[in-house]
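Q: Okay, here's the structure, questions in a sec.
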Amino acid sequence: MRLSVRGYQPMLVRDLKQEHIEADLTSCTMSLLTDGTVQKLHAYMGRTVLVLGIEAAQMRGENTCELECLKELHCKAAIRDMPVLEHWLDALEGAYLVLFRLAFVAEKTYRVSHSSALEFAAGNKDMIESEFGSAEAYADYYGTLNSEANTKAFARANAQVHSNINAKLFTDGSLQDANTTALLSLFKASAYAFACAHAFGELERRYCEARQHLVRCLRTVIV
């Protein structure tokens, strides 16, 4: 009896590796929230998660002040010098705004917008040339404008949501009530920011390496 393989798509080894890393990161995070202490979480944030973000900012020529300030808060909290809610809110929103901006792949948005602009310009040649000089100049302008707008919107929305959730967690230290999804999202944003700071062709490999680093460090924390 011959089995039909129509429509079957074999999973690539790369995809299996990505799934394995994702599962490990989720499992380790849940172990930390279930069995750990808030001091361990702060130590992990200060020594691992934000270090990736700071390195990404440095590679991109971004100001690291906001990320450095948050790193210091986490390091203080790790030794029980706990900031109040208002201090967490201020520090988190500013740092997360930088982190999520670094984690947004603006190049993808630029390419799509640039292509759409060229199509529009082809049908409106006279108008585009009179205003921008050439279709390419218009496409570059539109692509840049659109990618910057999308980057800001993505960063602002995620910074607000994650800072509100995590400020409460970091203040009261109730790990059992933590929003696991929000923490995982933050961990992966730091890994993706690190990946995006490299050449675009290395994005997936660097993202994989960064998440593996997060898992290795997280395992040492939950032991």
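Q: Do we have residue 163 as open to solvent by less than 30 Å² (accessible area, probe 1.4 Å), touching an Asp or Glu at 6+ places or on another chain (Cβ under 9 Å) and modelled with pLDDT under 85 here?
A: Considered against the rule, which asks whether it is open to solvent by less than 30 Å² (accessible area, probe 1.4 Å), touching an Asp or Glu at 6+ places or on another chain (Cβ under 9 Å) and modelled with pLDDT under 85, residue 163 comes out as no.
Q: Which of (1) open to solvent by 50 Å² or more (accessible area, probe 1.4 Å); (2) under 24 Å from residue 61 (Cα atoms); (3) not hydroxyl-bearing (Ser, Thr, Tyr) does residue 222 not meet, given it meets every other one?
A: (2)
Q: From the list 25, 67, exactly one residue is in a helix (DSSP H, G or I) and at pLDDT 95 or above. Which is it?
A: It is 67.
Q: Do the conditions hold for residue 146, that is, is it over 24 Å from residue 214 (Cα atoms), in contact (Cβ under 8 Å) with a residue 24 or more places away in the chain, out of contact with any Pro (no Cβ under 6 Å at 6 or more places or on another chain) and open to solvent by less than 60 Å² (accessible area, probe 1.4 Å)?
A: Working: over 24 Å from residue 214 (Cα atoms): yes; in contact (Cβ under 8 Å) with a residue 24 or more places away in the chain: yes; out of contact with any Pro (no Cβ under 6 Å at 6 or more places or on another chain): yes; open to solvent by less than 60 Å² (accessible area, probe 1.4 Å): yes.
Against the criterion (over 24 Å from residue 214 (Cα atoms), in contact (Cβ under 8 Å) with a residue 24 or more places away in the chain, out of contact with any Pro (no Cβ under 6 Å at 6 or more places or on another chain) and open to solvent by less than 60 Å² (accessible area, probe 1.4 Å)), residue 146 qualifies.
Q: On to the next question. Right, residue 107: under 26 Å from residue 208 (Cβ atoms), of a type outside the set (A, V, I, L, M), assigned to a helix (DSSP H, G or I) and open to solvent by 80 Å² or more (accessible area, probe 1.4 Å) or not?
A: Answer is yes for this residue.
Q: Here's a follow-up. Please find, among 91, 121, 137, the residue that is within 22 Å of residue 189 (Cβ to Cβ) and either small (Gly, Ala, Ser) or loosely packed, with under 14 Cβ neighbours inside 10 Å (or both).
A: Just a single option satisfies the conditions, and that option is 91.
Q: With respect to residue 214, is the statement that it is hydrophobic (A, V, I, L, M, F, W, C) and surrounded by 19 or more Cβ atoms within 10 Å (Cβ to Cβ) true? Write out each step before concluding.
A: Details: hydrophobic (A, V, I, L, M, F, W, C): yes; surrounded by 19 or more Cβ atoms within 10 Å (Cβ to Cβ): yes.
The answer is yes for residue 214.
Q: May I pose another question? Answer yes if at least one residue in the stretch 111-128 is part of a helix (DSSP H, G or I), out of contact with any Cys (no Cβ under 8 Å at 6 or more places or on another chain), within 26 Å of residue 193 (Cα to Cα) and at pLDDT 85 or above, and no otherwise.
A: To start, the set of residues in the stretch 111-128 that are part of a helix (DSSP H, G or I) comprises 111-123, 125-128.
Narrowing the set further to residues that are out of contact with any Cys (no Cβ under 8 Å at 6 or more places or on another chain) leaves 111-123, 125-128.
So of that shortlist, the ones also within 26 Å of residue 193 (Cα to Cα) come out as 111-115.
The next check asks that each one be at pLDDT 85 or above; those that pass are 115.
Within the stretch 111-128, one or more residues are part of a helix (DSSP H, G or I), out of contact with any Cys (no Cβ under 8 Å at 6 or more places or on another chain), within 26 Å of residue 193 (Cα to Cα) and at pLDDT 85 or above.
Q: Given the residues 67, 73, 97, which is the only one that is surrounded by 14 or more Cβ atoms within 10 Å (Cβ to Cβ) and in contact with a Pro (Cβ under 6 Å, 6 or more places away or on another chain)?
A: Within the list 67, 73, 97, the selection yields 73.
Q: Does residue 55 count as under 17 Å from residue 211 (Cα atoms), open to solvent by 20 Å² or more (accessible area, probe 1.4 Å) and among the charged types (D, E, K, R)?
A: Yes; evaluated as a whole, the condition is true for this residue.
Q: Which of the residues belonging to the stretch 186-206 are open to solvent by less than 30 Å² (accessible area, probe 1.4 Å) and farther than 12 Å from residue 53 by Cα?
A: Within the stretch 186-206, just 203 meets the criteria.
The values are calculated or read from the model by the stated rules, or taken from the named source; none is laboratory data. Just so it is clear, the model here is predicted, and its values are computed rather than measured. Ideal geometry is used to build each Cβ from the backbone, glycine not excepted, and the neighbour counts take in all protein chains shown. When the accessible area is computed, the model is the full protein with side chains, heavy atoms only, and any ligands, DNA or RNA have been set aside. Shrake-Rupley method; radii C 1.70, N 1.55, O 1.52, S 1.80 Å.
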